[in-house]
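Notes to accompany the following structure.
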Amino acid sequence: MHELPLIAVVGATGAQGGGLVRAILAESPRTFAVRAISRKPDSPAARELASLGAEVRVGDLDDADSLEHAFAGAHGVYGVTNFWEHLSPERELAQAANIARAARSAGVEHVIWSTLEDTRERVPLSDDRIPTLMQRYKVPHFDAKGAADALFRGLPTTYLRASYYWDNLIHLDAGPRRGADGTLEFVLPMGDRKLPGIAVADIGACALALFKRGKAFFGRTVGIAGEHLTGAEMAAAMSETLGEPVRHVAMPPAEYAALGFPGAEDLANMFRYNHDFSEEFCAQRPVDFTKELHPGLMSFRQWLAAHAAELREAVARA
């Protein structure tokens, strides 16, 4: 038995889940105990979480029975899926169904489901403004999560919508690269529209705050962001950090889709959706509310200052 209410965190060795595990463990005094759920409990990342004080238990998103075992005795569950691991919206939907089923069976008292908009509610499949992908989706990694919201109805659920990870600039090679003339270029297909962004670590802190507030957020959809910035504003901030000019390249989405890397079409459609509905997309991720949840919320410049060395390394290897 745990002396404190237990939060079971799916995807604990990933970005969002890992951030929440660390936020729970860093709190003093602690409000919750934490169980880190991983397919590979013996991996270096899982062992690191165990060394920090997390209980580590095996759980597989493709196996609802294993999740039910992993959720046993938990007060709360943080549910997140990783579309980019397999690029299959159908598999992501099935994994979300497994999380919901296991949470019901385990009788947990609060679920936070990490979700996103179903873009088809604004841009139906018949609308050619955004190309249809896989015959059924506009932005597959958004739409599958949004469609999965219905699976959590009837559970005490908070629907959490995060924003673009600034950490992608380091870990997914989305940061500045040298152009043909040697100048650093930052590609963001958003024109002059603002994109909500956030530090991954701050997502975990916000999720912890939501678990602490409990029933006040049951049934609510909560969007979070550290700042809303244009590509030009992000480029200017990175210029200061890197000590040399960074030029924003507002590449057209169709050109971005043609880059050909796995998921390029999906991301191109995402940027097009974020561009076309920027005002609504930003309004649903209010910075003031996010800061109220998490007073230590980082701005983009604060995040850059904390990760300047990693960004320089990412630029050098790009």
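The values are calculated or read from the model by the stated rules, or taken from the named source; none is laboratory data. It should be emphasised that the depicted structure is a prediction, and the values quoted were computed from it without experimental measurement. Every residue, glycine among them, receives a Cβ derived from its backbone with ideal geometry; neighbour counts consider all protein chains shown. Just the protein is used for accessible areas: all its heavy atoms, side chains included, with ligands, DNA and RNA removed. Shrake-Rupley method; radii C 1.70, N 1.55, O 1.52, S 1.80 Å.
For this structure, a couple of remarks:
- Matching residues in the stretch 1-11 - criterion: being assigned to a loop (DSSP other than H, G, I, E, B) and within 18 Å of Asp60 (Cβ to Cβ): Val10, Gly11
- Restricting the stretch 130-158 to residues that are crowded, with 20+ Cβ neighbours inside 10 Å and of a type in the set (Val, Ile, Thr), the residue that is farthest from the chain's Cα centre (by Cα): Ile130
- Each residue in the stretch 165-189 was checked for being touching a residue at least 40 places away in the same chain (Cβ under 8 Å) and surrounded by 14 or more Cβ atoms within 10 Å (Cβ to Cβ), and 14 of them qualify.
- Of the residues Gly197, Gly204, the single one that is under 30 Å from Leu4 (Cα atoms) and open to solvent by less than 10 Å² (accessible area, probe 1.4 Å) is Gly204.
- Scanning the stretch 268-293 for residues that are hydrophobic (A, V, I, L, M, F, W, C) and either within 17 Å of the chain's Cα centre (by Cα) or in a helix (DSSP H, G or I) (or both) yields Ala268, Met270, Phe271, Phe281, Cys282, Ala283, Val287, Phe289, Leu293.
- The number of residues in the stretch 211-255 that are within 23 Å of the chain's Cα centre (by Cα) and either open to solvent by less than 30 Å² (accessible area, probe 1.4 Å) or of a type in the set (Asp, Glu) (or both) comes to 17.
- Note on the stretch 12-82: enclosed strands (runs of 3 or more DSSP E) holding 2 or more residues that are open to solvent by 20 Å² or more (accessible area, probe 1.4 Å) and modelled with pLDDT of 95 or more are 55-58.
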